[in-house]
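The structure appears below as structure tokens.
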Amino acid sequence: MDVISVIRTKRDRGRLTDEQIDWVIDAYTRGEVADEQMSALAMAILLNGMDRAEIARWTAAMIASGERMDFASLPRPTADKHSTGGVGDKITLPLAPLVAACGAAVPQLSGRGLGHTGGTLDKLESIPGWRALLSNDEMMGVLRDVGAVICAAGDGLAPADKKLYALRDVTGTVEAIPLIASSIMSKKIAEGTGSLVLDVKVGSGAFMKNLDDARELASTMVGLGTDHGVRTVALLTGMSTPLGLTAGNALEVRESVEVLAGGGPADVVELTLALAREMLDAAGLKDADPEKALRDGSAMDHWRRMIAAQGGDPDAPLPVARERHVVTASATGVLTGLDAYAVGVAAWRLGAGRARKEDPVQAGAGVELHAKPGDQVTAGEPLMTLHTDTPERFAYAIEALEGGVTIEPAGTAYEAAPIVLERIA
Ligand code: URA
């Protein structure tokens, strides 16, 4: 087998054979196929696509590149959730302990943020003492004792994807449906969850900007999961405006704790409950009542135990950025648009995200919204507060917000789009 013929096949719109796929993934993982050759192949896939059978084989080869975890020894059914990434998407934080409180085991292997979308591990690392890196034994221990664990995927899980994802990130080849679907599903299938709920984000702040692409991604992933024996459901959810009122690490932890305490913004609560119901249903726990678990404090109790089990202090004050800047409304009227991408880039520029994998993030940085689309706003009154430790970033963040805020005359009708747009099973 030679890599140039594999690249040429896809470049010329051909179909890769099973043997070509198995070989190229294995040879790339071992370092025999060079990064520049794999980037050429990734670009050919982005431009010319892969059919369902090719995607299935590609995913299987990435799973086979590493270890597979097994939760069969746990006394509870396992349920996991994966979001394709958005702005202010802190849902994993309240969701994992909530679903554990309702009787499922939630093995949540999460990632760090890159670009304008935040990462769950970065958010949790703003809690003093909390550790993202656990051994497989430690992970099983937290899962057994608490019922939920959120941690980094170990190096042994789908190593082909780790290498390929880092390469795609720097070669403009992230946004290919076959590559996104196989990347996400190889990790989830190797992780060994029994059921999986996918939150496929649609809109300006998401990878998928329109419903058709989101549908195709969702149905590809549902097909891959189902074929590997994982009960998989996808919700397509809106990401045209940020979720909740915060985008940034410690800011989002604070908002998540508000949800666990029975409060928090309505959209975050609605999506958390919708995903919890899907996860519990997929895990066979149809009688569980996640609303009650939020009300009666049992979800909060699981959160506190989960954080403490990973070295975190759930009572420690969260870091606060050294500097703030208030952005005011430029007119009086109805806020009809608050663009998720603009807010995500502003939070990122303030220091909440990173430009390169090895960059540090600021725990306190980010954007706090004082109004959401549909609210009345008054000229000169606060619209959002920007937080950072490095005030020289304010101007750059404000630039990102230009054109991202739409205010129309008072009385303009505004109809909010539903959060859950479609369900694909
Ligand atoms: N998340 C992943 O894990 N992989 C992708 O390709 C995109 C989002």
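The values are calculated or read from the model by the stated rules, or taken from the named source; none is laboratory data. Everything numeric in this text was worked out from a predicted model, so none of it was measured. Reconstructed Cβ throughout: ideal geometry from the backbone, glycine too, with neighbour counts over all protein chains shown.
What to note about this one:
- Test: residue in region 368-377 that is in contact (Cβ under 8 Å) with a residue 24 or more places away in the chain, surrounded by fewer than 18 Cβ atoms within 10 Å (Cβ to Cβ) and within 22 Å of the chain's Cα centre (by Cα): yes
- Check on SER135, among the polar types (S, T, N, Q), surrounded by fewer than 24 Cβ atoms within 10 Å (Cβ to Cβ), more than 14 Å from the chain's Cα centre (by Cα) and not assigned by TED's automatic domain parsing to the domain that holds GLU252: no
- Scoring GLY172 on the criteria (1) at pLDDT below 95; (2) touching a Leu at 6+ places or on another chain (Cβ under 9 Å); (3) crowded, with 21+ Cβ neighbours inside 10 Å leaves a single failure, condition (3).
- Filtered residues of region 313-340 (kept if in contact with a helix residue (DSSP H, G or I) (Cβ under 9 Å, 6 or more places away or on another chain) and closer than 23 Å to MET239 by Cβ): VAL327, ASP339
- Residues that are assigned to a helix (DSSP H, G or I) and within 14 Å of the ligand (Cβ to nearest atom) do occur in region 86-93.
- Scope region 101-123; condition under 22 Å from GLY192 (Cα atoms) and either assigned to a helix (DSSP H, G or I) or small (Gly, Ala, Ser) (or both); matching residues: ALA101, GLY103, ALA104, ALA105, SER110, GLY111, GLY119, THR120, LEU121
- Any hit, region 161-178, residues being closer than 24 Å to ALA282 by Cα and hydrophobic (A, V, I, L, M, F, W, C): no
- Applying a threshold of 6 Å to beta carbon distances and a minimum spacing of six or more residues, or different chains, the list of pairs starting in region 1-19 at a residue that is within 14 Å of ARG57 (Cβ to Cβ) and ending at one that is acidic (Asp, Glu) reads LEU16/GLU54.
- Per-region count, region 378-396, residues free of Cβ contacts under 8 Å to residues at least 60 places away in the same chain and surrounded by 18 or more Cβ atoms within 10 Å (Cβ to Cβ): 3
- A search for C-beta distances below 7 Å between a residue of region 199-213 that is at pLDDT below 95 and any residue that is in a strand (DSSP E or B) and not aliphatic (A, V, I, L, M), counting only pairs 6+ apart in sequence or on different chains, returns MET208/LYS201.
- Check on GLY129, within 22 Å of TRP303 (Cβ to Cβ), in contact with a Lys or Arg (Cβ under 7 Å, 6 or more places away or on another chain) and assigned to a loop (DSSP other than H, G, I, E, B): no
- Residue selection: LEU217 satisfies the criterion of being part of a helix (DSSP H, G or I), within 11 Å of the ligand (Cβ to nearest atom) and touching a residue at least 40 places away in the same chain (Cβ under 8 Å).
- Helices (runs of 4 or more DSSP H) wholly inside region 12-85 that include at least 2 residues being within 16 Å of the ligand (Cβ to nearest atom), buried (at least 19 other Cβ atoms within 10 Å of the Cβ) and not aromatic (Phe, Trp, Tyr): 35-48, 52-64
- Of all residues in region 226-246, one or more are modelled with pLDDT of 95 or more, out of contact with any helix residue (DSSP H, G or I) (no Cβ under 7 Å at 6 or more places or on another chain) and of a type in the set (Gly, Ala, Ser).
- Among the residues making up region 151-202, those that are under 28 Å from GLU278 (Cα atoms), assigned to a helix (DSSP H, G or I), among the hydrophobic types (A, V, I, L, M, F, W, C) and within 10 Å of the ligand (Cβ to nearest atom) are ILE177, LEU179, ILE180, ALA181, ILE184, MET185.
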